[in-house]
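No lab work stands behind these numbers, since they all come straight from the coordinates. Remember, it's a predicted structure, so these values are computed and weren't measured experimentally. Cβ placement follows ideal geometry from the backbone for every residue including glycine, while neighbour counts extend to all protein chains displayed.
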Amino acid sequence: MLTSLQNEDSWPNTVNDTNNSSLDCLRNGSNCAAGSYPISVIKDAADLPVIDNTVAGEGFTMSGVRCSTFSTTSPDPTCPFHVEISWTPICGASCNPPPTVRLSIVFSYSTASEKGQIFNPSKYNMVIDRSSF
């Protein structure tokens, strides 16, 4: 996931994915309004989804393999992790488009997933600043 967010070949695939309507201003070269916006799909350099939050229950196993049964209301021990990614334009008065974006990565953990296992997902949350194009 981090490689896909930082890689110069995969980032354009994420920006160009039309499921990421919040990235329209980067895709179209138009003004980006201040604020924080979700990114639904993260793509790799081969244009394949690494994260696809348009899929209900999108998550990850303990070994980092994608799964589709993540839930906080009905925890599945085989799919205990979920990742939300958002972006913020870094710019002055005009963002047309911004030269830099700030990506925020927030992990969720289904606490009942593994008996006796303690995990604090906030320790793994991170922020990455990168070129917007």
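Work through the residues other than P38 whose Cβ is under 14 Å from its Cβ and net out their charges, Lys, Arg +1 and Asp, Glu -1.
For residues surrounding P38, the net value is -4.
Only helices enter this figure: runs of n ≥ 4 DSSP H residues, each worth -39500 (n - 2.57), summed and divided by the residues of the chain, yield -2500 deg cm²/dmol at 222 nm to the nearest 500. Fewest neighbouring Cβ atoms within 10 Å first, the residues C79, C67 line up as C67, C79.
Expressed as a whole percent, the proportion of Cα-Cα pairs in the chain lying more than 23 Å apart is 35%.
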